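A.B. asks: Sharing a structure with you now.
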Amino acid sequence: MAEYKIVITNTYRRDEEKVEPDFWRKKKLEEMNPKEWELLCDGCGKCCLNKLEWGGKICFTRVKCRFLDSESCLCRIYENRFAKVPDCRSVNMMALKERPKWLPKTCAYRLLEEGKDLPEWHPLVSGNKESVHRAMQSVRGRLLISETEVKDDEYEDYIVDWKDI
């Protein structure tokens, strides 16, 4: 009888193999290295939705940044985003200390800063980068419109009240 070895392949990111398992449970955000920090992003794309400040509240819209790929939920110009999009915000410790409401409530950075754990659908927990999409926690499949198609005075028409933002 032949022996079989079961191999579980993590389909998240190749870089994940080079970090300590469950690092987000063992380290504070400020202790993470750049690779670990980047791996916290679940790739949902919700932070790339345009927001409005309305009555002192941050309101998400279904208007997406022109560089957001709605299928992959990733930025097409990630490495150059700050040069090309002046109002693109960096998710860093300084921003997190401000308790930013422009990050969705499902954002790993926000959750960990609030002392919470990552949800089961997060790719670091599930081991699969598609889990965020399968759990319907990303912008994939949602009716979005590019900011290039919306006039400044029309943004309020696109405000959304999704439970996951």
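A.B. asks: Residues in the range 126-142 that are under 12 Å from Leu49 (Cβ atoms) and surrounded by fewer than 19 Cβ atoms within 10 Å (Cβ to Cβ): how many? Talk me through it step by step, then tell me what you get.
C.D. replies: So in the range 126-142, the residues under 12 Å from Leu49 (Cβ atoms) come out as 138-139, 142.
Those left that are additionally surrounded by fewer than 19 Cβ atoms within 10 Å (Cβ to Cβ): 142.
Within the range 126-142, residues that are under 12 Å from Leu49 (Cβ atoms) and surrounded by fewer than 19 Cβ atoms within 10 Å (Cβ to Cβ) number 1.
A.B. asks: Taking the conditions exactly as written (within 24 Å of Phe23 (Cα to Cα), modelled with pLDDT of 95 or more, in contact with a Leu (Cβ under 8 Å, 6 or more places away or on another chain) and not charged (D, E, K, R)), does Leu68 satisfy them or not? Quick ask: steps written out before the conclusion?
C.D. replies: Working: within 24 Å of Phe23 (Cα to Cα): no; modelled with pLDDT of 95 or more: yes; in contact with a Leu (Cβ under 8 Å, 6 or more places away or on another chain): yes; not charged (D, E, K, R): yes.
Taking the combined requirement at face value, the residue does not satisfy it.
A.B. asks: Picking from Glu30, Glu36, which residue would you name as being at pLDDT 95 or above and either of a type in the set (A, V, I, L, M) or within 17 Å of the chain's Cα centre (by Cα) (or both)?
C.D. replies: Glu36
A.B. asks: Do we find a residue being out of contact with any Lys or Arg (no Cβ under 8 Å at 6 or more places or on another chain) and among the small types (Gly, Ala, Ser) anywhere in the range 62-71?
C.D. replies: no
A.B. asks: Taking only the range 58-68 into account, find how many residues are without any contact (Cβ under 8 Å) to a residue 60 or more places away in the chain and either surrounded by 14 or more Cβ atoms within 10 Å (Cβ to Cβ) or in a loop (DSSP other than H, G, I, E, B) (or both).
C.D. replies: Residues meeting the conditions: 1.
A.B. asks: Count, please, the residues in the range 144-159 that happen to be assigned to a helix (DSSP H, G or I) and touching a residue at least 40 places away in the same chain (Cβ under 8 Å). Spell out the reasoning first.
C.D. replies: Going residue by residue through the range 144-159, those that are assigned to a helix (DSSP H, G or I) are 147-149, 152-158.
Applying the additional criterion that residues be touching a residue at least 40 places away in the same chain (Cβ under 8 Å) yields 147-148, 155-156, 158.
Total satisfying the criteria: 5.
A.B. asks: Taking the residues in the range 16-27 that are part of a loop (DSSP other than H, G, I, E, B) and of a type in the set (D, E, K, R) as candidates, determine which candidate is modelled with the lowest pLDDT. First the steps, then the outcome.
C.D. replies: Here is the first cut: in the range 16-27, the ones part of a loop (DSSP other than H, G, I, E, B) are 19-22, 27.
With the extra rule that they be of a type in the set (D, E, K, R), the set shrinks to 20, 22, 27.
Details: Glu20: 90, Asp22: 95, Lys27: 96.
The selected residue is Glu20.
A.B. asks: Of the residues that make up the range 77-91, is at least one among the acidic types (Asp, Glu), assigned to a strand (DSSP E or B) and either farther than 16 Å from Ile165 by Cα or in contact with a helix residue (DSSP H, G or I) (Cβ under 7 Å, 6 or more places away or on another chain) (or both)?
C.D. replies: Narrowing the range 77-91 to residues among the acidic types (Asp, Glu): 79, 87.
Filter once more, keeping what is assigned to a strand (DSSP E or B): none.
No, the conditions are met nowhere in the range 77-91.
A.B. asks: Now, a different point. If you go through the range 83-92 one residue at a time, do you hit one that is in contact with a Leu (Cβ under 6 Å, 6 or more places away or on another chain) and among the small types (Gly, Ala, Ser)?
C.D. replies: So in the range 83-92, the residues in contact with a Leu (Cβ under 6 Å, 6 or more places away or on another chain) come out as none.
Scanning the range 83-92, I find no residue that is in contact with a Leu (Cβ under 6 Å, 6 or more places away or on another chain) and among the small types (Gly, Ala, Ser), so the answer is no.
A.B. asks: Of the residues in the range 78-94, how many are closer than 21 Å to Thr61 by Cα and among the aliphatic types (A, V, I, L, M)?
C.D. replies: Final tally of qualifying residues: 2.
A.B. asks: I'd like the residue in the range 28-57 that is among the aliphatic types (A, V, I, L, M) and farther than 15 Å from Arg110 by Cα and, out of all such residues, is surrounded by the fewest Cβ atoms within 10 Å (Cβ to Cβ).
C.D. replies: Among those residues, the one meeting the criterion is Leu52.
A.B. asks: What pairs come out if I take residues in the range 102-127 that are assigned to a helix (DSSP H, G or I) and pair them with residues that are surrounded by fewer than 16 Cβ atoms within 10 Å (Cβ to Cβ) whose C-beta lies under 7 Å away, six or more apart or interchain?
C.D. replies: That search, which allows pairs on different chains as well, returns Ser126/Glu120.
The values are calculated or read from the model by the stated rules, or taken from the named source; none is laboratory data. These numbers were taken from a predicted model, which means no experiment stands behind them. In this analysis, Cβ positions are derived from the backbone assuming ideal geometry, glycine residues included, and neighbour counts consider all displayed protein chains.
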